[in-house]
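Take a look at the structure below.
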Amino acid sequence: MPIKHRWRRRQARIMCEGLHGRDRSQSPALIYARLRAMDALAFEKLLLESFERRGHRFVRNRRDDRGDGGIHGQVVIDGRVWLIQGKRYAGAIRPEHVQAFASLCTVSGLSGLFIHTGRIGSGSRDVVA
């Protein structure tokens, strides 16, 4: 396993342990600030780590880079497969990212979870509606 990949998985585990333990009582603003400061790929791994800790089966992507096709993994919740996309935003969500993910879900015939740290603007709300 490449060093960067191991480092990102370790960062995700450390953050997950903190958020489920000692950091649980921190303010949402501080938690979002910490999430936004994470490495983007470590944030994606954090999402899958969190699902795993809740006992859900998941499938990680084989690729650990931006060539993942917009899907960062899949999780099985109550027997239903969901596509996962994580975005570590500092500002508002870009509607074109939401649209691209919605299209990907439609093509695959699966539902999706678009998990992010940003604000939801009216353009993104319109895409989802």
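Residue count for the range 73-129 satisfying the condition of being out of contact with any Lys or Arg (no Cβ under 9 Å at 6 or more places or on another chain), polar (S, T, N, Q) and closer than 23 Å to F58 by Cα: 4.
If you take the residues in the range 20-46 that are in a helix (DSSP H, G or I) and small (G, A, S), which one is surrounded by the fewest Cβ atoms within 10 Å (Cβ to Cβ)? Checked the range 20-46; the qualifying residue surrounded by the fewest Cβ atoms within 10 Å (Cβ to Cβ) is A29.
Residues that are over 17 Å from G73 (Cβ atoms) and surrounded by 13 or more Cβ atoms within 10 Å (Cβ to Cβ) were ranked within the range 1-19; the one that is modelled with the lowest pLDDT is K4. Pairing residues of the range 107-129 that are open to solvent by 50 Å² or more (accessible area, probe 1.4 Å) with residues that are among the basic types (K, R) and modelled with pLDDT under 85, at Cβ distances under 9 Å and at least 6 apart in sequence or on separate chains, gives no pairs at all. Of everything in the range 71-90 that is under 25 Å from R9 (Cα atoms), surrounded by fewer than 19 Cβ atoms within 10 Å (Cβ to Cβ) and out of contact with any strand residue (DSSP E or B) (no Cβ under 6 Å at 6 or more places or on another chain), the residue that is modelled with the lowest pLDDT is A90. If you go through the range 22-40 and pick out every residue that is at pLDDT 90 or above and of a type in the set (F, W, Y), you end up with 0.
If we keep just the residues of the range 51-60 that are open to solvent by less than 80 Å² (accessible area, probe 1.4 Å) and at pLDDT below 90, which is nearest to G86 (Cα to Cα)? Working first, answer last.
Let us first name the residues in the range 51-60 that are open to solvent by less than 80 Å² (accessible area, probe 1.4 Å), namely 51, 55-56, 58, 60.
Among the residues that remain, those that are also at pLDDT below 90 are: 58, 60.
Details: F58: 15, R60: 13 Å.
By that ranking, first place goes to R60.
The values are calculated or read from the model by the stated rules, or taken from the named source; none is laboratory data. Treat the numbers as computed from the prediction; the structure is a model and nothing was measured. Because the Cβ atoms are built from the backbone with ideal geometry, glycine has one as well, and the counts that use them run over all protein chains shown. For the accessible areas, the whole protein counts, side chains as well, though only heavy atoms, and no ligand, DNA or RNA atoms are used. Shrake-Rupley method; radii C 1.70, N 1.55, O 1.52, S 1.80 Å.
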